[in-house]
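The next block holds one structure in the form of structure tokens; read it before the comments.
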């Protein structure tokens, strides 16, 4: 599959004002008919859409369920249907148990998880009625297992991994593709303040290219960079006692991105 085929004529990307979302929008926008880009920052969206005729700004706070529903309806009305939805909006907060902040935890749940649920609430009836579509959930290798400093982030990404698996089981037989994107560390505004080394750190351009290549293959899981995410996969398979020893001995306070 390529981005110029019918399934890619209309693409919606959330969290598209910066980072992987914006780079994906630029790459797909150079090949597709209509790329709807959403985020809270209207100025950044308009600046991006000004450079590409096929990029169209739809400012949106994904935590606002009625606004998400209205946004999807507007895009569908203009394009005839969203073929690919890349649900990428995310919030990242470092937190130790000594700094537990319920507001930050709630924000992570509302943006990272409920933001996806709000989108699914609007997308699923439409895609099911058409019997086609492609839903992409952007999670993280931080969702593979529990990691230090990740109280407000990792659990939401673990939920997305489980959700993607659940959706794939139910939607695949009904003609709707589901993909799960699990990045490692990517050089974005969200990660630049991390106070620890980030193994396998990728440029956002390379990360977006890896992501798009995997989506074109209709892969269920798209992960990058290969070496770092493979190491995280191995940690996922370790028995609990050995896993906790490895984390305390080697990882300390360096969570996955």
For the chain, just list the percent of Cα-Cα distances falling in each 5 Å bin from zero outward, please. 1, 6, 13, 18, 20, 17, 11, 7, 4, 2, 0
Any idea what angle helix 42-51 forms with the longest principal axis of the chain, computed on alpha-carbon atoms, 0 to 90 degrees, nearest 10? 60 degrees
Residues 135, 161 arranged by fewest to most Cβ contacts within 10 Å: 161, 135
If r is the Cβ-Cβ distance from residue 31 to residue 106 and R0 is 35 Å, what FRET efficiency results, to the nearest 0.05? 0.35
For the chain, with a Gaussian network of springs between Cα atoms less than 10 Å apart, report the residue from 59, 155, 173 with the top mean-square fluctuation. 173
Relative contact order (%) - the stretch 6-251, alpha-carbon pairs under 8 angstrom, separation at least six: 17 percent
Exposure proxy order (Cβ contacts within 10 Å, fewest to most) of 211, 71: 71, 211
Under 11 Å from a label point 7 Å along Cα→Cβ of residue 219: give me every residue in the stretch 127-147 with its amide N that close. none
Longest principal axis of the chain (C-alpha) makes with the long axis of helix 204-216 (C-alpha) an angle, in degrees to the nearest 10, of 60 degrees
Expressed as an acute angle from 0 to 90° and rounded to the nearest 10, what is the orientation of the C-alpha long axis of helix 115-130 relative to the principal long axis of the chain? 40 degrees
What's the Cα-based Rg to Rh of the stretch 125-165, Rh via Kirkwood? 1.18
Give me the extension gain from residue 41 to residue 245: residue separation times 0.36 nm, minus the current Cα-Cα distance, reported in nm with one decimal. 69.2 nm
Can you give the Kirkwood hydrodynamic radius for the stretch 41-180, in Å, rounded to one decimal and based on Cα pairs? 16.2 Å
Rank the residues 222, 11 as a footprinting-exposure proxy: fewest other Cβ atoms within 10 Å of their Cβ go first. 222, 11
Given a Förster radius of 41 Å and the C-beta distance between residue 236 and residue 53 as r, what FRET efficiency does 1/(1 + (r/R0)^6) yield to the nearest 0.05? 0.45
Quick check: convex hull of the Cα atoms in the stretch 25-72, volume per residue, rounded to a whole Å³? 64 Å³
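Each reported figure results from applying straightforward, stated rules to the coordinates on display, with no laboratory input. Given the structure is predicted, the values throughout are model-derived calculations rather than measurements. Methodologically, a virtual Cβ is constructed for each residue, glycine included, from the backbone with ideal geometry; neighbour enumeration extends over all protein chains shown.
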